[in-house]
1. Hey, P171 hits all of (1) in a helix (DSSP H, G or I); (2) closer than 20 Å to L145 by Cβ; (3) open to solvent by less than 20 Å² (accessible area, probe 1.4 Å) but one; which does it fall short on?
2. Can you confirm whether V113 is in contact with a Leu (Cβ under 8 Å, 6 or more places away or on another chain) and in a helix (DSSP H, G or I)?
3. Find the residue count for region 204-221, including only residues that are open to solvent by 60 Å² or more (accessible area, probe 1.4 Å) and either within 16 Å of ligand 2 (Cβ to nearest atom) or in a helix (DSSP H, G or I) (or both).
4. Filter region 194-235 for residues that are at positive phi and either within 16 Å of ligand 1 (Cβ to nearest atom) or among the acidic types (D, E) (or both); which is farthest from the chain's Cα centre (by Cα)?
5. Any residue at all in region 133-147 that is under 27 Å from A34 (Cβ atoms) and either under 17 Å from the mean Cα position of the chain (by Cα) or modelled with pLDDT of 90 or more (or both)?
6. Quick one: is D185 within 16 Å of ligand 2 (Cβ to nearest atom) and closer than 19 Å to V38 by Cα?
7. Anything in region 63-110 that is open to solvent by 50 Å² or more (accessible area, probe 1.4 Å), touching a residue at least 40 places away in the same chain (Cβ under 8 Å) and either under 22 Å from P171 (Cα atoms) or in a loop (DSSP other than H, G, I, E, B) (or both)? List them, or say none.
Amino acid sequence: MTVSDTRPMVSLRSVDKHFGDLHVLKNIDLDVAAQEVVVVVGPSGSGKSTLCRSINRLETIDGGEIRVDGELLPEEGAALARLRAEVGMVFQSFNLFAHRTILDNVTLAPLKVRGTRKAEAEKTAMELLDRVGIADKAHSHPAQLSGGQQQRAAIARALAMQPKVMLFDEPTSALDPEMVGEVLDVMTSLAKEGMTMIVVTHEMGFARRAADRVVFMDRGQIVEEATPAEFFDSPRTERAKSFLASVL
Ligand code: ADP
Ligand code: MG
């Protein structure tokens, strides 16, 4: 095998993060292979969002290192903008631009950051909107869409930058229950198509179906890493057992 065959797409080494006195990420080591789907679960406050945000450098870490496709996260400037473009992020709140159409939301970053030509950006955007099932909403504004449709638009927007990895931080937590499935379906398709994904979710059914690996976090640490079958059917630690008892 060559080096590129074995190099992880995302790699965290001894990552530490504090908020004041609060030690939020404690010596985190995590490798995510290309095309792997890692689902991160754990109690509220365990550091899952901070982990995601650190990979996108929305948070700076205090110690250790994070690499995306072998490259250390840049401090700032153009290199950081390039990194951000390679790491797509979808949040609990959809964060679409309210005064822009869905099509504009999806084309904005390719036009501004990548300098893609308008016709090409729009063609790609329409293909992506079709892929997430909302091509008919291209000329609507976010408020005219349901929550599930808005979140699918947010996924299309992230994909428009052709990211190497997609981070999802509780993408269905703000949705009405009847809309959760349509967003998880889009994520499941993405996973099947080979996207590298890190997904924070409380949707244990999705974790079981779509994850290659489940990472269980508690109080800033990775406490267990296992296949979904191992994690859900025979968790090793008391902390994982009590977490699962609370969510299943
Ligand atoms: P999770 O996503 O697992 O619920 P978070 O990563 O959001 O956990 O938070 C981990 C801990 O860090 C929590 O105790 C939270 O209150 C704290 N925290 C998160 N963001 C900040 C911040 N910007 N400033 C201070 N504390 C924070
Ligand atoms: Mg969170």
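The values are calculated or read from the model by the stated rules, or taken from the named source; none is laboratory data. A quick note: this is a predicted structure, and the numbers were derived from the prediction, not measured. Using ideal geometry, Cβ is built from the backbone for each residue, glycine included, and neighbour counts are taken over all protein chains shown. Ligands, DNA and RNA are stripped out before the accessible areas are found, and what is left, the full protein with its side chains, is counted by its heavy atoms. Shrake-Rupley method; radii C 1.70, N 1.55, O 1.52, S 1.80 Å.
1. (1)
2. Details: in contact with a Leu (Cβ under 8 Å, 6 or more places away or on another chain): no; in a helix (DSSP H, G or I): yes.
Here the answer is no, as V113 does not meet what is asked.
3. Of all residues in region 204-221, those open to solvent by 60 Å² or more (accessible area, probe 1.4 Å) come to 208-209, 212, 219, 221.
From what's left, either within 16 Å of ligand 2 (Cβ to nearest atom) or in a helix (DSSP H, G or I) (or both): 208-209, 219, 221.
Summing the residues that are open to solvent by 60 Å² or more (accessible area, probe 1.4 Å) and either within 16 Å of ligand 2 (Cβ to nearest atom) or in a helix (DSSP H, G or I) (or both) in region 204-221 gives 4.
4. Restricting attention to region 194-235, the residues satisfying the condition of being at positive phi are 194, 219-220.
Filter once more, keeping what is either within 16 Å of ligand 1 (Cβ to nearest atom) or among the acidic types (D, E) (or both): 219-220.
On the way: R219: 20, G220: 18 Å.
Among them, the one singled out is R219.
5. Residues of region 133-147 that are under 27 Å from A34 (Cβ atoms), as a first pass: 133.
From what is left, the residues that are either under 17 Å from the mean Cα position of the chain (by Cα) or modelled with pLDDT of 90 or more (or both) are 133.
The answer is yes; a qualifying residue exists.
6. Values: within 16 Å of ligand 2 (Cβ to nearest atom): no; closer than 19 Å to V38 by Cα: yes.
Judged against the criteria, D185 is not a match.
7. F91, Q92, S93, N95, F97, A98, H99, R100 - these are the residues of region 63-110 that are open to solvent by 50 Å² or more (accessible area, probe 1.4 Å), touching a residue at least 40 places away in the same chain (Cβ under 8 Å) and either under 22 Å from P171 (Cα atoms) or in a loop (DSSP other than H, G, I, E, B) (or both).
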